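Inspection log for the structure reproduced underneath, given as structure tokens.
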Amino acid sequence: MISVLDPRSSSAADPLGVEEVISCLRQRWRATYDLQLVVRRRRLYLHVMWAYLEQQSFPMDENSYRAHLAEVLDVVNRLGLAGEVRNWLLTTRDKPRLGKALSLQLQLEGPESESLLNEFLV
């Protein structure tokens, strides 16, 4: 069976889409977990939170969740890190659980990386 986020089926340079990520989350963990961008000590992280869309207490409806996810993925794609995030979502061995998010430091490389990162670290 080919994974929704199979690196062989999409180029690492292809942008991540909302449907692609939702399908991956549901396939991997059977839940549509919340994704958040977090800034700590001038570093940017992508967190897969323990809250998920299917929970009664989840603060967003499906349309709001999709809009929020699109905003997160827009940042990831504009930073050129879709391939890294795609690979991480496919290969991480951990699972979000109450009180513990999964965390990926988004690392930029190259001479323009500092100015690009500054755009998102307001």
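Among the numbered conditions (1) loosely packed, with under 14 Cβ neighbours inside 10 Å; (2) in a loop (DSSP other than H, G, I, E, B), the only one that Asp74 does not meet is (2). Within the set Met60, Met1, the sole residue that is of a type in the set (A, V, I, L, M), modelled with pLDDT under 95 and assigned to a loop (DSSP other than H, G, I, E, B) turns out to be Met1. Within region 79-100, the set of residues being of a type in the set (Gly, Ala, Ser) and either at pLDDT 90 or above or surrounded by 14 or more Cβ atoms within 10 Å (Cβ to Cβ) (or both) comprises Gly80, Ala82, Gly83. Considering only region 28-50, how many residues are within 14 Å of the chain's Cα centre (by Cα), of a type outside the set (Val, Ile, Thr) and part of a strand (DSSP E or B)? Result for region 28-50: 11. Within region 89-104, being assigned to a helix (DSSP H, G or I) and without any contact (Cβ under 8 Å) to a residue 24 or more places away in the chain holds for one residue alone: Thr91.
Ser103: out of contact with any Gly (no Cβ under 7 Å at 6 or more places or on another chain) and at pLDDT 90 or above, yes or no? Yes: the conditions hold for Ser103.
The values are calculated or read from the model by the stated rules, or taken from the named source; none is laboratory data. Note that the structure is predicted; figures quoted are calculated from it, not measured. Counting neighbours? That spans all protein chains shown, and the Cβs are built from the backbone with ideal geometry, glycine included.
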